[in-house]
Amino acid sequence: MGLLMRVRGRAGMGVAMLAMLIYGPARAPAEDLALQDAVTMTGTAMFLNSSAPGLILAVVHGDDSVVQGYGETAPGSKVEPDGRSIIRLGSISKVFATDLLATLAAEGRVGLTDPLSRYAPAGVTVRSFGNQPFSLLDLASHAAGLPREVRNPSVKGGDGNPFLAFRADYYWKWISEHPPAYAPGTTAMYSNYGYGLLGEALSKAAGKPYRDLLQEQLIAPLALTDTTTRLSDEQKMRLMVGLDPFNQPDPNWEVPDIMLASAGVYSTANDVVRWMRWHLNGDDKSATALSLVHALWRPHDGLQRVVGAEVTGSIGMGLGWIISPPKDGVPLLLGKSGGIGGFMTYVVLSPNRKLGIFVVASRVNFAMFEGLRTAVRELAAELAPAGPS
């Protein structure tokens, strides 16, 4: 059982509950006691400060891993989340997409500098800034000069699903009529739209739907048994329910196919642990792809502007990852955040230190997220300090 269990009234806790918060519940001895204690203390503080119905913290450090759940899977459910609780990754889906991009690039099936126009549907002309076409790398590093979102204005979403306004045909129609706002590689602007186009390009290069490509190249090889773009009836029963920005239970609308690469992946903490372990350890087959994924491709230095990405403390973009240098005891980190359907997520990897940390809270609140981000970085410093900088 995890900490805090079903605690909702934080004020007026009894002595026994305070002792549980400080010392943690009874657990089997961990392989790495320091890791267990660090995760317990950080997870407890995260949950108490988040005001989220539920929170899950997962850490991989070397050969060890810890997954801890706090609170409830849904408001009032009295069921504690765990490593099998289904959650939505939100924009962490983007670094699953760049795993696919790097894998196809390592196999020679795409080139990072291939122009998007090479993968456009028949009859579609991709507009460019002047005579400078943008590439798959520009899309993956948010440097193609594209807007954050492109909605089809004719779709009103009558059933309440706001994601129905995002349509693949309109994505291609828009780029055939509107050139990017900036020359590729000169301005970084976070773009969900750009990742929709990237997913389309990967699908075209592989000759199969994006969801099938994800299953074939990532989900099946890593045995991610609960990672999917479409939930089964059994998985729906395990899906956590979070709060929207107005503190109401989010209906968890399913996204259309064009959003799968940007925000469409469901998973569990157990699966994220397997995925992080692959990133940190890899194998001979994936070594080339992972070297591409973990590289710094677009330094912030020299860009005209960086909009919608974490600029403070970071040095640039990898393939979807925001890269932060070692500083103040925190090791070099690759980070990615997400938020959708009542969930806010954050993952960091420190490949040099064989460290990965993932947290998901079932509440959409950006002030809360900043606290989660800070706590994750502090935990990274505790577990794998960078030393003087």
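Centre-to-centre, using Cα atoms only, region 361-389 and region 203-256 are separated by 25 Å. Of the solvent-accessible surface of the chain, computed with a 1.4 Å probe over protein heavy atoms with every protein chain present, carbon and sulfur atoms account for 54 percent.
Sorting 322-333, 226-237, 275-286, 260-271 by average packing, meaning the other beta carbons within 10 Å per residue, from highest down gives 260-271, 322-333, 275-286, 226-237. For region 248-381, the calculated P(r), taken from all Cα-Cα distances in 5 Å bins from zero up to the bin holding the longest distance, is 2, 9, 17, 21, 22, 17, 9, 4, 1, 0 percent. Residue-normalised convex hull volume from the C-alpha trace of the chain: 142 Å³ per residue. For the peptides 111-121, 336-346, residues were scored by their other Cβ atoms within 10 Å and the scores averaged per peptide; the highest-first order is 336-346, 111-121.
The residues of the chain have, on average, 42 Å² of accessible surface per residue, using a 1.4 Å probe with all protein chains present.
Length gained on full extension, ASP283 to ASP233, computed as 0.36 nm times the residue gap minus the Cα-Cα distance: 14.6 nm. Normalised by 2.2 N^0.38 Å, where N is the number of residues, the C-alpha radius of gyration of region 289-352 stands at 1.16.
Here region 256-335 has an Rg and Dmax of 14.8, 42 Å, counting Cα atoms alone.
Averaged over residues, the count of other Cβ atoms within 10 Å places the peptides 185-192, 126-133 in the sequence 185-192, 126-133, highest first.
Taken over region 73-151, the alpha-carbon convex hull comes to 166 cubic angstrom per residue.
Could you work out Rg/(2.2 N^0.38 Å) for region 152-279, with Rg from alpha carbons only?
Output field value: 1.20.
The values are calculated or read from the model by the stated rules, or taken from the named source; none is laboratory data. Everything numeric in this text was worked out from a predicted model, so none of it was measured. We place every Cβ from the backbone using ideal geometry, glycine too, and count neighbours over all the protein chains shown. For the accessible areas, the whole protein counts, side chains as well, though only heavy atoms, and no ligand, DNA or RNA atoms are used. Shrake-Rupley method; radii C 1.70, N 1.55, O 1.52, S 1.80 Å.
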